Amino acid sequence: MKAVTRNLFTYSAEILATVQELQLRLQPFEPCGEHQRASWGFVNVVPDTEDRVLAFPGGWAICLREDSRTVPASEVSKLVDEKARSVYEATGRKPGRKERKEMQADVIYELLPRAFVRSKVTYIVYSHAKQRLYVNTGSQKTADLGVSALVQVLESVKFSTVHVSGPKMGLTARLTNWLRALADDGSVSDDDMFGVLQPASEIVMVGVNNKWALKLAALENARESLQDALRQGAQVDSMCFTDADGVMFRVTSELRLKGVKHQVVEDDDCDITHLWVSQLASEVVTLDGIFDTLLELLSPEKAQADTPTVDDIF
């Protein structure tokens, strides 16, 4: 099977509800009605099974499904123009803005039953040990929807985004130290760089007027380009790393994980549910480990007092 989590919004929350309670409370998915533009709800995590909540060692997972009907704007505009032209030909009067909006609503209502339905599923995974909720999506809107749905179900639970505010030794400062170490400076310790994390093949840096996006076999080969970007005041927007277990991922300056390349559990002798359980248990251990490392690395309490400047190093 494929990995379940890849691009993540991460939240902190103490969820005490049992799997059985969640199963009863989660809003089940209902397809879009004929004239309905969108619908959402929760479906079974494992296809062709009965439970909307899948428990695994260390946590549980749920699956949010969103359906939306797409009505092409060009088609709507074309039909509204035709209606407006018919009114003008019949009465000699051009419809005003309010009347055109009413026509637009009528056209959309007529087109919806024939509109293409797009489905999207989002896995939401909870870690009991770290009390973290991982929402597998690149969309803030979808993440907000999933969290809001859980808030309604759990009522008193509060969610907060996992982040680090203004670390003195953030990604940019640590990259600066790492580049200095590559120059055999000899004064940079592992604690001042990326700890157990190893910079991998991708980095994106953003300056006032420029953006640098580098992707190559080894980041060391881009030393001069990175130094040049830092001299121009660029900041790290995202970096790619491998952890101590060889799992590759990108982390943004806002502490979001992207492109996590989990190790995949493979066992031909297991049924599909057992495979899902094993895979999710493995992924949560990995995600918890990555986040623990990042929070330790970027915590203001762990930051050295004097952050090096580019002029000091280059």
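The values are calculated or read from the model by the stated rules, or taken from the named source; none is laboratory data. Only a predicted model underlies this, so the values are computations on that prediction, with no experimental measurement involved. Because the Cβ atoms are built from the backbone with ideal geometry, glycine has one as well, and the counts that use them run over all protein chains shown. Note: accessible area is taken over every heavy atom of the protein model, side chains too, but ligands, DNA and RNA are not part of it. Shrake-Rupley method; radii C 1.70, N 1.55, O 1.52, S 1.80 Å.
Residue by residue through the stretch 14-34, note down the ones that are in contact with a helix residue (DSSP H, G or I) (Cβ under 8 Å, 6 or more places away or on another chain) and open to solvent by less than 70 Å² (accessible area, probe 1.4 Å). Quick ask: steps written out before the conclusion?
Start the filter on the stretch 14-34 by keeping residues that are in contact with a helix residue (DSSP H, G or I) (Cβ under 8 Å, 6 or more places away or on another chain), which leaves 15, 17, 22, 25-27, 34.
Those that are in contact with a helix residue (DSSP H, G or I) (Cβ under 8 Å, 6 or more places away or on another chain) and open to solvent by less than 70 Å² (accessible area, probe 1.4 Å): Ile15, Ala17, Leu22, Leu26.
Checking His163 against (1) at pLDDT below 90; (2) open to solvent by 60 Å² or more (accessible area, probe 1.4 Å); (3) over 21 Å from Thr5 (Cβ atoms), only one condition comes out false. Which one?
For His163, the failing item is (3).
Among the residues of the stretch 14-26, are any in contact with a Phe, Trp or Tyr (Cβ under 6 Å, 6 or more places away or on another chain) and assigned to a helix (DSSP H, G or I)?
The answer is yes, given that some residue of the stretch 14-26 is in contact with a Phe, Trp or Tyr (Cβ under 6 Å, 6 or more places away or on another chain) and assigned to a helix (DSSP H, G or I).
Only one residue in Glu66, Glu75, Glu99 is in a helix (DSSP H, G or I), open to solvent by 20 Å² or more (accessible area, probe 1.4 Å) and either free of Cβ contacts under 8 Å to residues at least 24 places away in the same chain or within 30 Å of Lys2 (Cβ to Cβ) (or both), so which one is that?
Values: Glu66 fails: in a helix (DSSP H, G or I); Glu75 fails: either free of Cβ contacts under 8 Å to residues at least 24 places away in the same chain or within 30 Å of Lys2 (Cβ to Cβ) (or both).
One residue alone meets the criteria, Glu99.
Is it the case that Val147 is in contact (Cβ under 8 Å) with a residue 40 or more places away in the chain and in a strand (DSSP E or B)?
no
So which of Ser253, Ser187, Ser225, Ser201 is open to solvent by less than 50 Å² (accessible area, probe 1.4 Å) and either polar (S, T, N, Q) or at pLDDT below 90 (or both)?
Just one listed residue meets the conditions, Ser201.
With the structure loaded, tell me whether Arg25 is at pLDDT 90 or above, of a type in the set (Lys, Arg) and closer than 30 Å to Glu110 by Cα or whether it fails that test.
No.
Does the stretch 236-248 hold any residues that are in contact with a Leu (Cβ under 9 Å, 6 or more places away or on another chain) and surrounded by fewer than 16 Cβ atoms within 10 Å (Cβ to Cβ), and which are they?
Result: Ala244, single match.
Can you name the residue in the stretch 115-132 that is in a strand (DSSP E or B) and more than 19 Å from the chain's Cα centre (by Cα) and, of all such residues, is farthest from Gly58 (Cα to Cα)?
Phe116
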